[in-house]
Amino acid sequence: MAKLLYIEASPRKDRSRSTQVARTFLAAYQKSRPDDSIETLDLWATSLPRFDGATIEAKYAILQGQTHTPGQAQAWKSVVDVIEQFKSLTNTFSRCRCGTLECPTSLSTISMF
């Protein structure tokens, strides 16, 4: 059984044509692979970790083999939670707004980790 993560990136929800296309794809995917599970990450309804000073310092502490300060450890825990969600997946499916071909800021933040 595979796990697919659908990343919902449109704030327009049901008014978005690309969301409608994505939902059609997901329905067909589920029909053709009934044993697979689909998880949705709505970027507009999910609180993702901020990539701020403490998080950046925590990342570099790891890269440099240093121990986290308490503030860095707290900031990095929220990053690890997101990483664990992605590690449990077999596939990911995301769609961006067709009108602008723009990657939402929150999605580009995920890629920084």
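Proximity of backbone amide H atoms, modeled 1.01 Å from N, is registered between GLU8 and LEU41, ASP42, LEU43 at under 5 Å, excluding neighbours fewer than 5 places apart on the same chain.
A Förster distance of 35 Å, applied to the separation of the beta-carbon atoms of ILE56 and SER32, puts the FRET efficiency at 0.25.
When peptides 16-22, 28-34 are sorted by average Cβ neighbour count within 10 Å, with the highest value leading, the order is 16-22, 28-34.
The numbers here are math on the coordinates, done by the rules we state, and not lab data. Since this is a predicted model, take the numbers as computed values, not measurements. Methodologically, a virtual Cβ is constructed for each residue, glycine included, from the backbone with ideal geometry; neighbour enumeration extends over all protein chains shown.
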